[in-house]
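Here is the structure we will look at.
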Amino acid sequence: MSGNSTYVPKSRVAKWFESRLPVGGLIHSSFVVFPNPRNLNYWWTFGGILSFMLASQIVTGVVLAMHYTPQSGLAFASIEHIMRDVNYGWLLRYAHANGASMFFLALYIHMFRGMYYGSSKSPREVLWLLGVIIFLLAIVTAFTGYVLPWGQMSFWGATVITSLFSAIPLVGDSITTWLWGGYAVDNATLNRFFALHYLLPFMIAGVVVLHIWALHVHGSNNPAGIEKQTAKDTLPFHPYFTVKDGFALVCFLVFFAWFVFYVPNYLYDADNYIEANPLQTPVHIVPEWYYLPFYAILRSIPSKLGGTAAMFAAVIIIAFLPWLDSSKVKSAAYRPLYKVFFWLFVACTVLLGYMGSQPPEGGYVIAARFLTIYYFLYFLVILPLLGRYEKPMPVPPSICDAVLGKQSQAAAADASSR
Amino acid sequence: MTGNADSPVTLSRLDPPTPDLASNGRTKTLLLGYCFRDGTRLFVRQAETPEFEDIMAANTMADEPTRRDILVVATGVMGVGGAGLAAWPLIDQMNPDATTLAAASAEADIANIAEGQVVTVKWRGKPIFISHRTPKEIEAARAVPLSELRDPATDESRVQKPEWLVVIGICTHLGCVPLKNDGPYEGGYFCPCHGSVYDASGRIRYGPAPYNLALPPYKFASDTKITIG
């Protein structure tokens, strides 16, 4: 979406069209000749995987909407109708439900990769912020989607999450009533959630366009965390990265297909195959796995307002990462201490997820409290201080040196071992 | 303007045209000089279409509000006000509709509720707990000093008749329905979602919930009937 296009249309039709809307040149400069750092590893393929998953979710979702009924008395039965009667309905629904999990899996890997290699730092702060907006939209989209089957978990998940807003002083109850369209989660709530669930993915797609636009202003960050300087540092997007992205995507889809075809309900809560009952709460309410770390933070604080505030803060704080991480060196490859704290942070979020899946009792709550403290400590204390006190390793002068330096070292080691 | 040899009055323009400084800055006039082939010269005063910069300069220079200023302000006020008015229906349509508001009251027959039993009735889509409390529960609820309570309220203030407790069965934490006759307090309530504990008066004792179970508006229609709402 930037750069000088060298695209020359060949056919007369293409020439006619290009002189009226130069979209061919845009695609050519963005996805064919675009110079990518030559050292991108497979962690950089998740952007493409996410684009594919978004498209897949939109396609399966639009098709499912043709058979689904967003009415509280009919919704649950219409899901079973899709599963049993609609041609390939079982496949479409399983692909859509598991696709949401795959989207979040790829999204979290994509975010952790950005954190490890310092991709959010100057000049890519806006790129990072757009990514955080996509994350927020994805959270709301998945949540509204989970309500649609109108099972017990749908209903009580919707009740618990919308009730979070009642923690806001003074206007909280009015906001909750407004969100519900009544005095409890009911048909009005289901209707609006369906409308929003259909709308939001297209908004995500719009922000994805901005995200890629911002990405192409300075190009991708890379494992060395240094900017591309000369042509020697780069390779054209096609064929080098179309192939790499394509290969990674196919591997990812094999994993996705395993869930869809072999364990389609592994990530789903059995309680959601019981129709919603407003008078009975399931004994153990658990959100989908991708919300669990944030849910654990919510429960670890013994105050309604405090817990709610901490949970929202845990999401929003990610937006401030470019300014909290004070180190001039981007890549963790040259930051020995940061690397340790980063992996502790990854372990912290995974463990928080585990705590969120367990009942809110005894040791689980205490462990979740310590993990919550580390979560915020990492952003608010460790990252700002580490940049000042950590002594980074020498950073190679260019991407080319980072790649070839490694190769010549390997060759030397090879020769000496012989 | 390119000169044409066949034109009866072929002119060559004397450049540059001189701006007429006597103009008022709004409609600018130019003094154009033309030179004919025979050498005669003609000077014409011509009004020029104002340039963008000239308009901007004229606008900022004007020391009184001009007609355009009034148009800008009026349009802006109408635009902002109109946007606000148009937004309100779009926001308010999400509030409870007339059918929801109309489903106002519910009746419950309490003749068959045994002592120690709690039944659930539905009002405005919410569960209402009607508890027939035992003397022991009442006594325990009334013996608690207010200083021990997170949301202090006497048991007397929460009931109309001591043996009947009527509360909205929704945990004040995040809206789950607590389990009846559960938790450490006899005749109390326990929320399985996040572990809030309520006593036999529906008052929060510990756990994350901030308030006591809410009281619905209700009255005893007779000794065996309650009207809620």
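Mind checking the mean number of beta-carbon atoms from other chains within 10 Å of the Cβ atoms in A:359-372? Could you put the intermediate results ahead of the total?
Values: counts 4, 6, 1, 0, 0, 0, 2, 0, 0, 0, 0, 0, 0, 0.
Average per residue, whole number: 1.
Just the ratio, please: alpha-carbon radius of gyration of the protein assembly as shown over 2.2 N^0.38 Å, N its number of residues. Could you put the intermediate results ahead of the total?
Working: Rg = 34.3 Å, N = 647, 2.2 N^0.38 = 25.7 Å.
The protein assembly as shown yields a ratio of 1.33.
Just the accessible area for A:Leu105, please: 1.4 Å probe, Å², rounded to the nearest 10?
50
Could I get the Rg over Rh figure for segment A:1-156? Both from C-alpha atoms, Rh via Kirkwood, rounded to two places.
Numbers: Rg = 20.7 Å, Rh = 18.9 Å.
Ratio value, two decimals: 1.09.
By the scheme Lys and Arg +1, Asp and Glu -1, what is the net charge of all other residues having a beta-carbon under 12 Å from that of A:Glu227?
Taking every Cβ under 12 Å from that of A:Glu227, the sum is +3.
Restrict the search to segment A:218-300; then list the chymotrypsin sites (Phe, Trp or Tyr not before Pro) that DSSP places in a loop and that have at most 16 other Cβ atoms within 10 Å of their Cβ.
Those satisfying the criteria are A:Tyr266.
Relative contact order for chain A: what percent, with Cα pairs under 8 Å and sequence separation of 6 or more?
Details: 502 pairs, mean separation 91.7, N = 418.
In percent, rounded to a whole number, it is 22.
What's the extension gain from A:Phe255 to A:Phe202 if we count 0.36 nm per residue and subtract their Cα-Cα distance? Mind showing how you got there, number by number?
Values: separation 53, 0.36 × 53 = 19.08 nm, distance 2.57 nm.
Value of the extension gain: 16.5 nm.
Would you be so kind as to list the residues of segment B:108-146 that have their accessible area lowered by at least 50 Å² in the full protein complex compared with their chain by itself (1.4 Å probe)?
B:Arg124
In Å², and per residue, what accessible area does chain A have when probed at 1.4 Å with the other protein chains present?
Numbers: 19970 Å² over 418 residues.
I get 48 Å² per residue for this part.
In debye to the nearest 20, how big a dipole does chain A give about its Cα centre with +1 on each Lys and Arg Cβ and -1 on each Asp and Glu Cβ?
Dipole magnitude for chain A comes out near 1480 debye.
Based on alpha-carbon atoms only, what is the radius of gyration of segment A:114-173 relative to the globular estimate 2.2 N^0.38 Å?
On the way: Rg = 16.6 Å, N = 60, 2.2 N^0.38 = 10.4 Å.
Relative to the rule-of-thumb radius for its length, segment A:114-173 sits at 1.59.
Evaluate the relative contact order of segment A:65-141 (contact order divided by residue number), counting alpha-carbon pairs under 8 angstrom at least 6 apart; express in whole percent.
Numbers: 22 pairs, mean separation 10.0, N = 77.
Relative CO of segment A:65-141 lands at 13 percent.
For a paramagnetic label modelled at 7 Å from the Cα of A:Glu227 toward its Cβ, which residues of segment A:324-351 fall within the zone defined by backbone nitrogen distances under 19 Å?
Of the residues in segment A:324-351, A:326-332 have backbone N under 19 Å from the label point off A:Glu227.
Helix-derived [θ] at 222 nm for chain A: sum -39500 (n - 2.57) over DSSP H runs of at least 4, divide by residue count, nearest 500?
Working: 17 runs with 261 residues, N = 418.
Here the helix-only value at 222 nm equals -20500 deg cm²/dmol.
Along the charge dipole of chain A, pointing to its positive end and built from +1/-1 on Cβ of Lys, Arg, Asp and Glu, which listed residue (A:Val8, A:Ser303, A:Leu148) has its Cα farthest out?
Working it through, the farthest residue towards the positive pole turns out to be A:Val8.
If I model a spin label at A:Ser174 and A:Tyr266 as a point 7 Å from the Cα along the Cα→Cβ vector, what separation in nanometres do I get?
4.8
Express the relative contact order of segment A:141-187 as a whole percentage, based on alpha carbon pairs under 8 Å and six or more residues apart in sequence. Please report the intermediate quantities before stating the final value.
Details: 28 pairs, mean separation 12.0, N = 47.
The normalised contact order for segment A:141-187 reaches 26 percent.
For A:Leu136 and B:Glu107, FRET efficiency with R0 = 41 Å and r from the beta-carbon atoms, rounded to 0.05?
Working: r = 45 Å, r/R0 = 1.10.
About 0.35, to the nearest 0.05.
In square nanometres and to one decimal, what's the mean projected area of the convex hull around the Cα atoms of segment A:217-259?
Hull-based average projected area comes out at 4.3 nm².
Would you mind checking which residues have amide H under 5 Å from A:Asn36's amide H? H placed 1.01 Å from N; only 5 or more apart, or other chain.
Amide H neighbours of A:Asn36: A:Leu235, A:Phe237.
Pick out, in residue order, every one of the trypsin sites (Lys or Arg not before Pro) in segment B:107-204 that is DSSP loop and has at most 16 other C-beta atoms within 10 Å; say none if there are none.
Details: sites: B:Lys122, B:Arg124, B:Arg133, B:Lys136, B:Arg142, B:Arg150, B:Arg158, B:Lys180, B:Arg203; in loops: B:Arg124, B:Arg133, B:Arg150, B:Arg203.
Hits after loop and neighbour filter: B:Arg150.
In Å² (nearest 100), what accessible area is buried between B and A, both sides summed, heavy protein atoms only, 1.4 Å probe? Show your work: numbers first, answer last.
Numbers: alone 14690 and 21100 Å², together 33530 Å².
Buried: approximately 2300 Å² between A and B.
Per-residue Cβ counts within 10 Å, from other chains only, averaged over A:173-180: what number is that? Intermediate values should be presented prior to the final figure.
Details: counts 0, 1, 0, 1, 4, 5, 2, 6.
Neighbouring Cβ atoms belonging to other protein chains average 2 per residue here.
Return, ordered by residue number, the residues of segment A:332-360 whose backbone nitrogen is under 16 Å from a label point located 7 Å along Cα→Cβ of A:Ile109.
none
Using a 10 Å cut-off around each Cβ of peptide B:94-101, what is the average number of partner chain Cβ atoms that fall inside?
Numbers: counts 8, 8, 8, 3, 0, 3, 9, 2.
What the average comes to for B:94-101 is 5.
Can you check what the net charge comes to around A:Trp150, using other residues whose Cβ is under 15 Å from the Cβ of A:Trp150 (Lys, Arg +1; Asp, Glu -1)? Write out the running numbers ahead of the final one.
Working: positive: A:Arg93, A:Arg192; negative: A:Glu80, A:Asp186, A:Asp269, A:Asp271, A:Glu275.
Residues close to A:Trp150 contribute a combined charge of -3.
For the protein assembly as shown, which whole-number percentage of the solvent-accessible area (1.4 Å probe, protein heavy atoms only) is attributable to carbon and sulfur atoms?
Numbers: 22270 of 33530 Å².
Carbon and sulfur atoms account for 66 percent of the accessible area of the protein assembly as shown.
Could you please report the charge total around A:Asn272, scoring K, R as +1 and D, E as -1 over all other residues with beta-carbon less than 13 angstrom from its beta-carbon? If you can, show how the numbers build up before the last one.
On the way: positive: A:Arg93; negative: A:Glu80, A:Asp269, A:Asp271, A:Glu275, A:Glu288.
The answer is -4.
Using only the Cα atoms of segment B:77-177, each taken as one equal point scatterer with no solvent, compute I(q) by the Debye sum, divide by I(0), and report log10 of the ratio at q = 0.16 Å⁻¹.
Debye intensities relative to I(0), on a log10 scale: -0.86.
Apply the Karplus parameterisation 6.51 cos²θ - 1.76 cosθ + 1.60, with θ equal to phi minus 60°, to every residue of segment B:186-200 and state each ³J(HN,Hα) to the nearest whole Hz, in sequence, with x for glycine and proline.
5, x, x, 10, 9, 8, x, 5, 10, x, 7, 10, 10, 8, 5
Calculate, for A:Leu210 and B:Asp223, the FRET efficiency according to 1/(1 + (r/R0)^6) with r their C-beta to C-beta distance and R0 56 Å; round to the nearest 0.05. Don't skip to the end; give the middle numbers.
Details: r = 68 Å, r/R0 = 1.21.
Here the calculated transfer efficiency is 0.25.
Cα to Cα, under 22 Å, and not fewer than 8 places away if on the same chain: which lysines meet these conditions relative to A:Lys391?
Those lysines meeting the cut-off are A:Lys121, A:Lys328, A:Lys330, A:Lys339, A:Lys406.
The values are calculated or read from the model by the stated rules, or taken from the named source; none is laboratory data. Note that the coordinates shown come from a computational prediction; the quantities given were computed from them, not determined experimentally. Ideal geometry is used to build each Cβ from the backbone, glycine not excepted, and the neighbour counts take in all protein chains shown. What goes into the accessible areas is simple: the full protein's heavy atoms, side chains included, and nothing from ligands, DNA or RNA. Shrake-Rupley method; radii C 1.70, N 1.55, O 1.52, S 1.80 Å.
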